[in-house]
Every structure is written in structure tokens, then in C-alpha cells.
1. Taking only pairs six or more apart or across chains, which ones have beta-carbon atoms under 8 Å, a first residue in the range 46-75 that is basic (Lys, Arg), and a second residue that is modelled with pLDDT under 90 and not in a helix (DSSP H, G or I)?
2. In the range 241-268, which residue that is touching a helix residue (DSSP H, G or I) at 6+ places or on another chain (Cβ under 6 Å) and under 30 Å from Asp356 (Cα atoms) is surrounded by the fewest Cβ atoms within 10 Å (Cβ to Cβ)?
3. Quick check: anything in the range 204-212 surrounded by fewer than 23 Cβ atoms within 10 Å (Cβ to Cβ) and touching a residue at least 12 places away in the same chain (Cβ under 8 Å)?
4. Is it the case that Ala116 is farther than 20 Å from Val349 by Cα and buried (at least 21 other Cβ atoms within 10 Å of the Cβ)?
5. Report the residue count in the range 78-103 for those that are surrounded by fewer than 22 Cβ atoms within 10 Å (Cβ to Cβ), on the phi < 0 side of the Ramachandran plot and in contact with an Asp or Glu (Cβ under 8 Å, 6 or more places away or on another chain).
6. From the list Ser301, Ser305, pick out the single residue that is within 24 Å of Glu152 (Cα to Cα), at pLDDT 95 or above and buried (at least 22 other Cβ atoms within 10 Å of the Cβ).
7. What's the number of the condition Arg122 fails, among (1) more than 28 Å from Ala340 (Cα to Cα); (2) buried (at least 17 other Cβ atoms within 10 Å of the Cβ)?
Amino acid sequence: MTDITTPGSNTRLCHVGHDPLAWHGFVNPPVVRGSTVFFPDAETLRTDNQKYTYGTHGTPTTDALCEAIDRLEGAAGTVLVPSGLAAVTLPLLTFLSAGDHVLITDSVYGPTRRFANDVLVRMGIAVEYYDPRIGGGIAALFREETRVVFMESPGSNTFEVQDVPAIAAAAKARGIVTMIDNCWATPLFFRPLDHGVDIVIHAATKYFGGHSDVLMGTISANEATWKRLYRGHMVFGLCVSSDDAWLVLRGLRTMGRRLEVQQATTLEIARWLAGRAEVAQVFHPALESDPGHALWRRDFSGSSSLFSFALRPGFDPARFLNALRIFAMGYSYGGFESLAVQVNLRDRVFRRPEFDQPIIRLQIGLEDVGDLIVDLDQALAAAGDL
């Protein structure tokens, strides 16, 4: 018999973030729109001594989503921002100042690198990229002025799995704040705060929303960093609409079930591609052949819908993409639809031979797996028709 004091992930997703009896029994929370909030008297106005004071500081709808994310992450608090990239930039701007040094994984999301190079460097912050396979050896890169280590695991496009607990422990010993982009795994498959990380970042645009119809980011913090993160969020004036928060909360309810299907379909396709003569390498940490598989098995409880593969010489990536009929070409992931793009690794500091091959990134949606394999099969055939 299941112990209902420790419910499963799908049960939690169905019930976190809202108490129906607090809103007359309605299953979903109301969408509370508004900027101005009334105060009952001058004393309350002077002290801001009421739960809601202005729309940018939160509404019952946005609070419902924050509470749900807190429960899923095991966080002291969560803030909402207008996009996944904003979820990256806000904590970096909050915890870094001129003269500081930040270490960022070389496998980071491209727009994160662009922000670091274009904005942080201009602010007088020393940006250094590290090999995502460094593990606890990252301590050798620490300086007196190192303030933040920014991780992403698995890494964007090439899916290196980092030794997150080792990196977090090394940073904590020096009082360095650790942050991680955890979009790929979601809190269902990996909870970074449980492994010593301070701040967790998600593009709620992706699996949380799940339907490619909303833009949002979430940032969750542990007790040690929550007050400073919350203050930074208030200072920057970042907020989201209650309508968008409601959409993301609705998406959360089915995220577990969607991921179950997407995980199974993705693994079947990844294994099928690994056996194809046209494919040089598949980058997916849940495959036993992947260099990061042991770390993935140790720390993760599942895998999601995003991975990539390298075409062998003589196969044209443009012909492959143009031949696809079910897969569409488009950015983002985590939605119901399958997508394909060619990735660009020219900005990597730590080069590996496989980076010189054409690499295709796939997002696997909710279509039937047989149809997706047929589509990939005919596209691979077209890619070799030179």
C-alpha cells in the first residue's frame, strides 16, 4: 500500500499550489488581475502591513504558482519572471558586482553566454568558462573574488552531465553561491537544492507550461540565498501576469504524465538513432554508451525529451531538416510538438572532435513514436542524397 504521507510526483502535481476550499471549492485558483491594491487605513498604508500591496509584488494567482514550485523544488521561496532568460539574468545581476569573478559551464545555454559576454563583462565582472566535466576539480579555478558558479546539467546541445554535488560542495566551502539551469530535468527528475545547490532556474516556458503558448521563468532559492534573491526581484521590478501564471499552473498538473510518455518515446528514438549508419554519435545521458551515464544514474530519476546526435561526414544537415514532415524547425522544447534544429558550437572554449560534426538537436513531443521514426528515417535517407 502506498504511503499517502509521501505522495508520488503526479499526486503532488495535481494538488500543490492551491486549496480549493479557500476559494469556494473551485478546483483551479482564480485569475486575479490588477495593479493597484487598496489599503483599509493610513496606518496599514504606512507600514505596508497587508499581504498584497501592489501588482508587481504578487497576486493570489502568482502566489499559487510560487507555492507549487516551492513544494516541487523543496525551496525557501520562488520568484517569477517574464522568460527563462530573465530567470538566468536576475540572479546573476543580484549576486555579482563589479570586480567579481564568475565561473560558468562551457556547455551553457547560448543566450546565457551572450548575456555574460555582453553585459557582465561590460559591468567589470570577470567571466570564465569551465569544462563541464571538471567536477570537484573546479576548486582549482576559484579566486578570492569568485562569487558565483553557474551550472547547467545536462549541458545545452551536447548534454554533458556535471558532478553537481561535488561542485556545490567545493563552492560552499569557499562561500561561493551556486546556481543551476535545471530546465532539462525539471524538479521531477532532479532536485538541485537537495544536492547542495543554492539557486535553481527554470524556463517555465518549457515543461511547466507544456503547450508552447506561454513565456515565463522561475527562480527558486534555499534559505541562505532567498532574502537576497527576493530583494533583487523587487528592485528590478520584474513580474508576470496572473493569466500567464494560471496557464503555467495548469500545465504543471499534467507535466508528470507528459514526461512519462516523452521519456519513453525519446529513449526509443535515441536508441534507434544510435544504431543508424548515418549517425556518428548520440548525445543522451540516459544511454549506457554516454560518458555521463554513471553520473546521470547516480543523481537523476529520469530523462526528458531533449537530446542531440551527430551526422557522419557526407550527410547534409540542411537536407535532413528540410526533409522532415512531422518534426518542425523551431526553438525551445518541452511542448507537445516535436522539433529539430542544427546546433552551433563555435562559441565553445573547450573543443572536442565531435563538435566539428553537424549536430542536430531533437525535441520529442507527444506524437506516436512510430510516426516520428518514419519521419526521421526518410529524412536521414534524404540527407545522404548528395
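The values are calculated or read from the model by the stated rules, or taken from the named source; none is laboratory data. These figures come from a predicted structure and were not determined experimentally. Counting neighbours? That spans all protein chains shown, and the Cβs are built from the backbone with ideal geometry, glycine included.
1. Note: pairs meeting the criteria are Arg71/Val16; Arg71/Gly17.
2. It comes out as Glu268.
3. yes
4. no
5. So the answer is 2.
6. Ser305
7. Failed condition: (2).
Residue by residue, here is whether (1) assigned to a helix (DSSP H, G or I); (2) within 24 Å of Phe236 (Cβ to Cβ) holds:
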position	(1), (2)
Leu21	yes, no
Arg33	no, yes
Phe38	no, no
Gln50	no, yes
